[in-house]
Every structure is written in C-alpha cells, then in structure tokens.
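Asks: What follows is a single structure, and I will ask about it in a moment.
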Amino acid sequence: MTGTADARPPRRVRCPCCGEPATFAASNPWRPFCSERCRNGDLGAWASESYRVAAQPDPDELSDADPPATPARPRH
C-alpha cells in the first residue's frame with residue numbers, strides 16, 4: 001500500500017472568493033484560495049469586519065450599569 005495516496009490527482013475545489021477552480025494540496029500555498037489576491041481579499045474582509053459571526057449576548061457580560069434602553073416619554 002505504499003505510494004497509493006501519492007498516485008491520486010490533487011483535489012480541486014472552488015475558490016471561496018471568486019469561484020474559480022483551486023488546487024487543494026500542499027503545492028498551492030494559498031489553499032483553499034486560487035491566488036494570493038483572493039487570499040488577501042478575504043483577509044482584508046475579516047480585518048475590516050465585513051464578516052461577522054452572529055451570537056447572542058452573554059448574560060454574564062451584561063452589567064447593571066448598562067440597563068436596556070427604554071423609549072423616551074414625551075414631556076408635557
């Protein structure tokens with residue numbers, strides 16, 4: 001069974017940025033992206049907080065100093 005894993009062709013995947021085919025193997029230093037440009041574009045999106053992970057606020061992190069906002073009542 002020696003050499004059977006190396007005989008397979010490299011796996012091809014879609015680049016998460018542009019959708020072009022990308023080689024998912026050690027020979028592609030930008031995997032799973034197709035190029036350095038796509039990799040840097042994705043990193044920039046994370047750095048600028050364009051991507052966000054939705055989460056509920058942790059009740060333990062809420063303090064009494066920050067009560068929930070209540071609508072202002074009109075003055076008469």
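Asks: Which of the residues that make up the stretch 16-56 are among the β-branched types (Val, Ile, Thr) and either in a strand (DSSP E or B) or over 17 Å from the mean Cα position of the chain (by Cα) (or both)?
Replies: Thr23
Asks: Additional query: Among the listed residues Ser27, Ser35, Ser50, which satisfies the condition of being of a type in the set (Ser, Thr, Tyr) and surrounded by 14 or more Cβ atoms within 10 Å (Cβ to Cβ)?
Replies: Ser35
Laboratory data are not the source of any read-out in this text; all were calculated from the coordinates shown. Just so it is clear, the model here is predicted, and its values are computed rather than measured. For neighbour counting, all protein chains shown are included, and Cβ atoms are generated from backbone atoms with ideal geometry for every residue, glycine included.
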